[in-house]
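Okay, structure first, notes after.
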Amino acid sequence: GMLLEIINDSLAQSRMDTAYLSIESEHMVLAEVIEDVTSILAPEAINKGLELVCDIDPDIPYRIKGDAIRLRQVLNNLLSNAIRYTETGDITVYAVRKGDRIEIGVKDTGIGIDAEQREILLRPCHKDGNFGAQIDWPGLGLKSSRRLIKAMGSLLQIESSPGVGSCFFFEMAIDPESGAGYNWRPPRALEQISVAILSPLKLQRDSIRKMLTQWNISRIQEMEFDADRRRDLPRLDPCDLLIIDQSESEQAVNDLIGQLRNNSAWRETRFVHLVPLNWQIEGGSADVRLHKPLSHSRLYATLLDIVYKLALNAERGPEQFAAAGESPGILAGQRVLLVEDDDINKMITLEMLAGTGLDVDVANNGADAIEQVQRQQYDLILMDIKMPVMDGYEATLEIRALGGYFESIPIIAITAHALEGDSS
């Protein structure tokens with residue numbers, strides 16, 4: 001886990017000037033690396049009253065080749081510094097595609113660095129491998145970050161203005177095998193839902209909008225709105241889902257939701273409240289409360305749940321299912337294996353399959369799935385990609401390697417992001 005990576009980081013720093021620094025090249029999910037590091041350091045930001053946002057460009061490939069542990073170390077250093085030297089405002093950890101490379105960085109509204117300080121911090125290494133003079137800022141960790149970034153084939157860069165903020169960033173290459181962007185093809189019902197975003201922070205609105213457009217949701221409204229400072233109702237068209245970002249007053253959000261629900265046009269709307277990590281996830285008037293920084297997987301699971309509930313609505317459900325050409329009678333008696341470790345996703349998937357007539361068994365990870373397919377013949381396998389013990393890619397390869405019937409059994413990846421070519 002993260003503790004082991006911190007220990008590795010400390011050992012790596014102790015060997016920086018004397019030993020070769022090894023860099024691995026394996027497939028990793030960049031969005032998950034960024035979201036994991038951000039969620040670990042989020043409590044520090046919250047304690048200072050800072051907003052912390054992940055901003056992931058949907059054009060970035062789902063998987064890229066790189067060293068996830070080293071990348072975590074660099075992001076941990078850069079984000080820790082941003083939190084330490086930012087007293088008010090916000091911090092964004094971002095990744096944006098630039099041709100065949102990805103720019104990854106940490107942007108803050110902190111104390112900033114003047115041109116002379118930047119020159120010192122970015123002073124080239126001497127031939128013996130030692131860095132030049134460094135600014136005496138405790139905990140900057142720039143020496144190890146620069147060395148790690150250089151070993152990964154890039155250079156640390158800084159854009160900053162004193163009193164305005166800083167941006168520390170670097171690049172990673174996109175391996176040609178990684179393919180195009182997410183290339184997400186969501187269920188038709190998901191594409192049809194309408195969403196509104198209320199947040200006082202443009203960074204948060206932009207981040208959520210990118211997630212939604214990545215899943216082909218186009219009916220999106222957004223508004224700069226702070227429920228604590230505005231008691232009037234926002235001028236929005238009624239929608240299926242209203243996402244409210246509010247970190248100060250729970251009562252202000254409860255009042256807003258109450259007023260909207262009193263309007264018949266908003267009665268079927270589902271409300272999602274984004275709350276700080278130190279708030280309880282239960283409570284409040286919203287249908288769902290999600291912790292910030294918001295992750296792709298949690299938002300997607302929430303959207304699936306909303307689509308399922310909309311489908312149960314007598315006025316909308318039949319048309320959606322009929323349009324997709326789905327008929328429970330055709331599926332009756334078919335045996336399916338669902339391979340999923342996450343309890344929430346498992347519950348949602350089972351609910352969505354309820355009433356289809358399918359016989360569904362569940363495996364908790366790839367290793368369990370391999371055992372079950374050898375005991376019971378299945379017509380279809382629904383395989384989660386990211387799981388402990390053995391992930392979906394490894395499990396699929398192992399099942400195919402069993403030969404015979406196992407080479408042709410349909411295996412469908414179920415994940416918040418799908419990549420063209422992710423089929424076996």
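The values are calculated or read from the model by the stated rules, or taken from the named source; none is laboratory data. All of these numbers come straight from a predicted model, not from anything done at the bench. Reconstructed Cβ throughout: ideal geometry from the backbone, glycine too, with neighbour counts over all protein chains shown. Remember, those area values only see protein heavy atoms, side chains included, never the ligands or the DNA or RNA. Shrake-Rupley method; radii C 1.70, N 1.55, O 1.52, S 1.80 Å.
The table below lists the values:
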item	result
Test: TYR393 is assigned to a helix (DSSP H, G or I), hydroxyl-bearing (Ser, Thr, Tyr) and either surrounded by fewer than 21 Cβ atoms within 10 Å (Cβ to Cβ) or at negative phi (or both)	yes
Answer residue from the range 228-247, given it is modelled with pLDDT of 85 or more and among the aliphatic types (A, V, I, L, M) and is farthest from HIS296 (Cα to Cα) among those	LEU236
Near pairs, Cβ below 7 angstrom, 6+ apart or cross-chain, from the range 215-226 (among the β-branched types (Val, Ile, Thr)) to any residue that is open to solvent by 30 Å² or more (accessible area, probe 1.4 Å)	ILE217/GLU191; ILE220/ARG209
Spans of strands (runs of 3 or more DSSP E) in the range 150-265 with at least 1 residues of a type in the set (Ser, Thr, Tyr) and open to solvent by 20 Å² or more (accessible area, probe 1.4 Å)	157-161
